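First the structure, in the form of structure tokens, and then the observations on it.
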Amino acid sequence: MARQPDAREVAPAVQRLRVHFAKRGRLRFTSHRDFQRVFERAIRRAGVPIAYSAGFSPHPKISYVGAASTGAASEAEYLEIAVTQTCDPVAVRDALDAALPTGFDIIEVVEARSGSLPDRIDTSRWQVTLNGVTLAEAENAVQRFLQTESISVERVLKDGRRTLDARLPVVSLGVVEEPDLPGCVILEMVVRHLTPAVRPDDVLAGLRQVSDLAPPLPPLVKRLAQGHLDEFDKLADPLAPDRDAAAGVDSVAEISATR
Amino acid sequence: MSVSKPVQYVGGELNSVVKDWASCDVRWCLMYPDAYEVGLPNQGVQILYEVLGELDGVLVERTYSVWPDLEALMRTHHIPQFTVDAHRPVGAFDIFGISFSTELGYTNMLNALDLAGIPIEAADRTDDDPIVIAGGHAAFNPEPIADFIDAAVLGDGEQAVIAITAIVREWKAAGRPGGRVELLHRLARTGNIYVPRFYDVTYKPDGHLESVRPNRDDIPARVSKHTLMDLDAWPYPKKPLVPLAETVHERFSVEIFRGCTRGCRFCQAGMITRPVRERSVDTIGAMVDAGLKASGFQEVGLLSLSSADHSEIGPLAKQLADRYEGSNTSLSLPSTRVDAFNVDLANEFSRNGRRSGLTFAPEGGSERMRKVINKMVTEADLIRTVTTAYAQGWRRVKLYFMCGLPTETDDDVVQIADLARKVIQAGRTASGSRDIGCTVSIGGFVPKPHTPFQWAAQLDHATTDSRLLKLRDTIRGDRQYGKAIGFRYHDGKPGIVEGLLSRGDRRVGRIIKQVWQDGGRFDGWSEHFSFDRWMSAADTALRDEPVDVDWYTTRERDRAEVLPWDHLDSGLDKDWLWQDWQDSLSDIEVEDCRWTPCFDCGVCDTMGTDIQVGPTGRTLLPLTVVT
């Protein structure tokens, strides 16, 4: 007996909410798993009526979409949660933002109206700050990078060394000087999400390969945006369809998510 | 240039507090001398952090051992040991308090001192260096680190840290009269803060201790432990630290009582934390509610040395389970005795949320061994308990044992296999299923100070290992049940080093320093521990002494011997400990004084304390319903 948990009532999910958040400051050093734990606890403290899976080990229903790697900051991270009572997205935003530590900042919460969130995200725009590199060096490297058709770089993954083409997913790559930070230049790149993913680090490895660009200090990586790359090479806001749909219908029932 | 898991160094935990440096006049740095993932959840450090943080004008921050990758970077770039709260240098604080749950953190303390720029030897420190204070269970014999610490506090820390704060504050406000030595003298005069430099140790020509005497006439010959008497008045932690990084315990823990009088003769914790002091059901209920709200944790641990022994554990478990019905909040009892477990309790604990595994600690494999150690659990108790558990749907039970107990023979250890077989048999019968397992987990016994076994010879590591292998082979060779029995064991070598540090005297400090100089760090981690490094350091450090590692570990002491911790008073009467040691050799058991008359262990008399047990008949206060 009792191989299965008692036939407990598992409250069904009645609404899905899509969350846009940022990872800033010293919290750039958190891993995705760190964020998951912090977020689950913030959900409980904020009193958001999160839905759970059934079974011996019930898990909160949270789906993450492609997380930025440990060490990278981000202005554009996304996840989706399921809740057991209809909630006002704005109240959920405020409650979660208050419950999360400074640095994990909730930017927007919208109700999921249609489609799948992962399907709306296939490309990222990154900003990489390089310290101790001149503008001329960086421009030269970028030019060579863009003129090269394919650049193989190596990365050590859990299952051994992997060779990636760092050039293939790069849609655009540019360089500007940072007026506020003397001695720094800023790369901005738009990179398609492939499997295995090519990360800004891999692009930097590619730059080093084509032109010996090797900054003396570690680069600062920040994701600026994520979304679908449209035919004009613009990134579409992945929450826009939900926002538009919400604006077109009656306002959501007002059930506060806060205690 | 990067370090593993950088998040462990960034601070910013929920409920951590950063105060303004200049507006505080007493500044504490607390350390748990192990990796962040182990140290952050430590209940002792969290309690003291909160108690001190609530005081006006007191700043308290934390630091943990840095992994070798970061240590290398810090040494290259001249970055000192820093706090995680505000990344301040440890050397700038007034007091550096280090909590030792285990002696294997000693090398990490030396490394932290060195990284902090604080002289390793207390004698070399100046008025600008922090006062280095050791606490935790290992502080009941701090002699091996006596040269490296300025002071040690024995026992409960809540009130002690406040008293120390007041003394430091007064001394600083008066313009630091008499410098560091005067401050230490003021601490020593309280009678329950141990300042090693004020106690002289003399040795006999054969290497035995001759005497330990104070070298000032206004400090006591014996230093007493602190005992906090009203746990309800000290409901800490109120706001537990919730880390960003993953740690070894991810739950909110409430101590439901302190102390234990079961009288297991190997158990230092049970001996040095007497008397039993229960926290009342309503205080526990309020702490659980506040702690969960402040943390968002999904699991509550009801902590103590033997949690099912709380006089109202049944009502407590039921009321908590009722309160958190449907909220996916699970309860856990980290230490449960075989004879105190019952099915109602188990069901309450698995009602909401996850059903964790069941762990019991018979400790000794044979009935005779359990008498020797006074475990007071019979085979019938164990079989009855696991039968209940298997019948209720549990499929796996973990059993803890020790190897190398006094008077033990190979046969006593091999009998563990019989016991495990009977457990599986009982499980298959009770559940009607063959999908039944048990795991035998076994490690070497280390005799500890302030226990009846403080005189015992520790078993050498070669014999320990051979007994463990015999047991393993017996289990694996069992064609009927062997596959259902898991076997985990720790080899005997780390236990010998732990034994050396546990019952060592001041001469052992030289070994610790040598090991650290030879690169020893994180000795509690098998991938960093090196037995050979410890043995070769001991050879060097004890070259001119008539004693060696065996003398400290595998040698039985006689009654007249001066023990290195005799001047440190845990409240236990040495004559009673000796009698209990003699009783153990005659297989005589001693009852628990909670349910039988006092048997004069000495604690209540000498400390002016008393046992505090319920039932109180109180209930959990209803929570205001939130909608």
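Side notes on the structure shown:
- Rg and Dmax of chain B, Cα atoms only, in Å: 24.4, 76
- D_trans [Stokes-Einstein, Kirkwood Rh over alpha-carbon pairs] for region A:13-90, 25 °C, 0.890 mPa s, µm² s⁻¹: 183 µm²/s
- A dipole drawn for region B:153-301 from +1 and -1 charges on Cβ atoms has a positive end, and of B:PRO237, B:LEU183, B:ILE162 the residue lying farthest that way is B:LEU183.
- Other protein chain C-beta atoms within 10 Å of residue C-beta, averaged over A:156-162: 0.
- For the protein assembly as shown, a crude dipole built from +1 on the beta carbon of Lys and Arg and -1 on the beta carbon of Asp and Glu, taken about the Cα centre, is about 1760 debye to the nearest 20.
- For chain A, a Gaussian network of Cα nodes joined below 10 Å ranks A:HIS32, A:HIS59, A:HIS228 by mean-square fluctuation, and the top entry is A:HIS59.
- Hits among aspartates and glutamates - C-alpha to C-alpha of B:LYS5 under 16 Å, sequence gap 8 or more where chains match: A:ASP34, B:GLU13, B:ASP34, B:GLU37, B:ASP69, B:GLU71, B:GLU246
- Summing Cβ point charges (Lys, Arg +1; Asp, Glu -1) relative to the Cα centre of region B:30-74 gives a dipole of roughly 60 debye.
- Alpha-carbon centroid distance for the pair region B:382-449 / region B:25-96, whole angstrom: 41 Å
- Shape class for region B:6-199, computed from the alpha carbon gyration tensor (a ≥ b ≥ c): rounded, with a/c under 1.5.
- At R0 = 45 Å, FRET efficiency that the Cβ-Cβ distance of A:SER152 and A:ALA13 yields, to 0.05: 0.50
- Overall, the anisotropy analysis places region A:122-236 in the oblate class: the square-rooted eigenvalues a ≥ b ≥ c of its C-alpha gyration tensor yield a/c not less than 1.5, with a/b not exceeding b/c.
- A straight Cα-to-Cα reach below 29 Å connects B:LYS375 with the lysines B:LYS225, B:LYS318, B:LYS398, B:LYS422, B:LYS448, B:LYS470, B:LYS483, B:LYS493, B:LYS574, residues fewer than 8 places away in its own chain not being considered.
- Local electrostatic count at A:THR163 - Lys and Arg +1, Asp and Glu -1, tallied over other residues with Cβ under 12 Å: 0
- Estimated 222 nm signal from helices in chain B, with DSSP H stretches of n ≥ 4 weighted -39500 (n - 2.57), rounded to 500: -10000 deg cm²/dmol
- Remark: B:ASP150, A:ASP201 ranked as A:ASP201, B:ASP150, counting other beta-carbon atoms within 10 Å and listing the fewest first.
- Crossing angle, helix A:135-147 versus chain A [Cα axis fit, 0-90 degrees, rounded to tens]: 80 degrees
- Note on region B:482-568: Cα Rg divided by 2.2 N^0.38 Å, N the number of residues, gives 1.29.
- With the convex hull drawn over the C-alpha atoms of region B:509-623, the volume per residue is 246 Å³.
- Placing +1 on the Cβ of every Lys and Arg and -1 on the Cβ of every Asp and Glu, with nothing else charged, gives chain B a dipole about its Cα centre of roughly 1620 debye.
- Lysine pairs in chain A whose alpha-carbon atoms fall under 26 angstrom of each other, counting only those eight or more residues apart or on distinct chains, come to 6.
- Cα lying deepest toward the dipole's positive end in the protein assembly as shown, options B:GLY404, B:HIS137, B:MET535, charges on Cβ: B:GLY404
- Partner chain coverage, peptide A:33-43 - average Cβ within 10 angstrom: 4
- Across region B:6-199, Cα pairs under 8 Å and at least six residues apart give a relative contact order of 19 percent.
- Kirkwood-type radius of the protein assembly as shown, with distances r between different C-alpha atoms, in Å: 30.4 Å
- Straight-distance crosslink candidates among lysines, where the alpha carbon sits under 24 Å from B:LYS172 and sequence neighbours closer than 8 are dropped: B:LYS19
Computed from the coordinates by the stated procedures, all read-outs in this text should not be read as laboratory data. In this text the structure is predicted, and so the values were computed from the model without any measurement. As a convention, Cβ positions derive from the backbone with ideal geometry for all residues, glycine included, and neighbour counts pool all protein chains shown.
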